[in-house]
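Every number here is computed from the coordinates shown, using simple stated rules; none is lab data. None of these values were measured; they are calculated from a predicted model. Don't worry about glycine lacking a Cβ; one is built from the backbone with ideal geometry, like all the others, and counts go over all protein chains shown.
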Amino acid sequence: MGGSFEVSRSHSGVETIYHIQKLVMERRDLRPIVMIIKKIFDETFLSMPYYGGISSYSLVLMVSAYLKRYDEDKSESLSRNLSGFLHFYGVGFKPHLFYLNGDQ
């Protein structure tokens, strides 16, 4: 079950800000899901890339890629998409089979 699910964009500075704004405008549920996960990460030190956590930008791309792939009907059900995201990356994501594509 391989698939195209990648984050391969390289952004810096102002371009990154515009890219995130575009993603947030496309999906109303992106911001609340990211904020909930960031709060969980803050409590567990997973928001510190230096110590093995992931950056906010990486998290936005991961949530965006998940929503684009698995919520194609754009139901924007916050609870369903949050639990689906956590399940996918916690159980279903196989890094040797998938790669994240922020452009999809």
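Just subtract the alpha-carbon distance of Ser55 and Tyr89 from 0.36 nm times their residue separation and send over the number in nm, one decimal. Kindly include the intermediate steps, with their values, before the conclusion.
Numbers: separation 34, 0.36 × 34 = 12.24 nm, distance 1.55 nm.
Full extension from Ser55 to Tyr89 adds 10.7 nm.
So if I place +1 on the C-beta of Lys and Arg and -1 on the C-beta of Asp and Glu, and nothing else carries charge, what would the dipole magnitude of segment 29-92 be about its Cα centre? I want it in debye, nearest 20.
On the way: 7 positive and 7 negative charges, 16 e Å.
Using Cβ point charges on Lys, Arg, Asp and Glu, segment 29-92 gives about 80 debye.
Evaluate E = 1/(1 + (r/R0)^6) for Glu72 and Arg31, where r is the Cβ-Cβ distance and R0 equals 22 Å; express this FRET efficiency to the nearest 0.05.
With a Förster radius of 22 Å, E is 0.70.
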